[in-house]
Each structure stands twice: as C-alpha cells, then as structure tokens.
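The values are calculated or read from the model by the stated rules, or taken from the named source; none is laboratory data. Every value quoted in this text rests on a predicted model; they were computed, and no experiment measured them. Counting neighbours? That spans all protein chains shown, and the Cβs are built from the backbone with ideal geometry, glycine included. When the accessible area is computed, the model is the full protein with side chains, heavy atoms only, and any ligands, DNA or RNA have been set aside. Shrake-Rupley method; radii C 1.70, N 1.55, O 1.52, S 1.80 Å.
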Amino acid sequence: MLVSQILKTKQLHDVVTVPPTMTVSEAARILSDKGIGTVIVSADGSTADGILSERDIVREIGARGAGCLTHTVSTLMTSKLVTCTGNDQADEVLKKMTDGRFRHMPVVESGNLLGIISLGDVVKARLMELAMEKDALEGMIMGH
C-alpha cells in the first residue's frame, strides 16, 4: 500500500504545525489539547523545518528540568527529518520508523508538507490489507 492511500483516509487537520519561535510549554499544551503525540515545526505552515514529540519534551525535562519549557521549540525539535513521499510503500516507511525508533513521519513532496503518517496509521492500513486478503482467500476456497 502506498503512503498516499493512507493519507486519503486521514483528515487534512491531522497535521498540526507550530512556529519555531513558540515556547515548548505552548507546544505541550497543543499536544495535550489535541490528544496528539507530535507537531511539525514550520515557519511558514507549508514546509517541515523540524518535528517535536512528547517524547522529546519529556526527555528534555528529565535531562535539564522544567526550565526547558520556556525555551523555543526550535531548541528541542529534531531538525534532521526522516521523511517520505506519497509514492513510498507503507512497508518501507514502517521499516524506517522501526529502525529509527520514532512514531511519526512527515510526508513531503517538492519541499511541501502533505501530511504526517504515524506508526499506528501504517499498522492499521496493513491490518486492513490482511483482512481483505483473508476474505479473498476464504471466498476462493468457498467457491464465491
């Protein structure tokens, strides 16, 4: 399954961007209010400059204390992004996420942010594929 097929099942509002100048505490509030684990850091709202996850925030609090909450997200974000395109296979994305030990990957084409795909999105899509394959095989066995 292609990443573009998974993105079609998601709402556009699934991508939450924050400016690099926002404080970490403001970003944490957005994560909490929206019930999400990651925000894309973007100066213009259409490109991905970095990514900030709840894990990043917790690690920094553990290492430096709560004072880091007053820092800007640009100081904590991951700026060396691993991205994918809509034409990438979901299995390849799953492998990159597993190998890199992260759960969210921006979908970018020609420098523009198209969406974000999560580990859960990929697993859900794969489970749907397996269910369809199972149904098809059962139908062939039963003669339908």
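With the requirement that a residue be open to solvent by 30 Å² or more (accessible area, probe 1.4 Å) and in contact (Cβ under 8 Å) with a residue 40 or more places away in the chain, what does the range 1-18 give you? Give the steps one after another, and end with the answer.
Keep residues of the range 1-18 that are open to solvent by 30 Å² or more (accessible area, probe 1.4 Å), which gives 1-2, 4-5, 7-15, 17.
Residues satisfying the conditions are 1, 2, 4, 5, 7, 9, 10, 12, 14, 15, 17.
Yes or no, residue by residue, for (1) loosely packed, with under 13 Cβ neighbours inside 10 Å; (2) of a type in the set (S, T, N, Q); (3) within 24 Å of residue 4 (Cβ to Cβ); (4) under 18 Å from the mean Cα position of the chain (by Cα):
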{"position": "42", "(1), (2), (3), (4)": "no, yes, yes, yes"}
{"position": "65", "(1), (2), (3), (4)": "yes, no, no, no"}
{"position": "117", "(1), (2), (3), (4)": "no, no, yes, yes"}
{"position": "120", "(1), (2), (3), (4)": "yes, no, yes, yes"}
{"position": "126", "(1), (2), (3), (4)": "no, no, yes, yes"}
{"position": "132", "(1), (2), (3), (4)": "yes, no, yes, no"}
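Residues being of a type in the set (Asp, Glu) and under 23 Å from residue 18 (Cα atoms): count how many of those fall in the range 85-115.
Count: 1.
Looking at the structure I just gave you, is residue 135 of a type in the set (Asp, Glu), in contact with a Lys or Arg (Cβ under 8 Å, 6 or more places away or on another chain), farther than 21 Å from residue 15 by Cα and not in a strand (DSSP E or B)?
Values: of a type in the set (Asp, Glu): yes; in contact with a Lys or Arg (Cβ under 8 Å, 6 or more places away or on another chain): no; farther than 21 Å from residue 15 by Cα: yes; not in a strand (DSSP E or B): yes.
No.
Of all residues in the range 39-70, which are without any contact (Cβ under 8 Å) to a residue 60 or more places away in the chain and either in a strand (DSSP E or B) or among the acidic types (Asp, Glu) (or both)?
39, 41, 44, 49, 50, 51, 52, 53, 54, 56, 60, listed by residue number.
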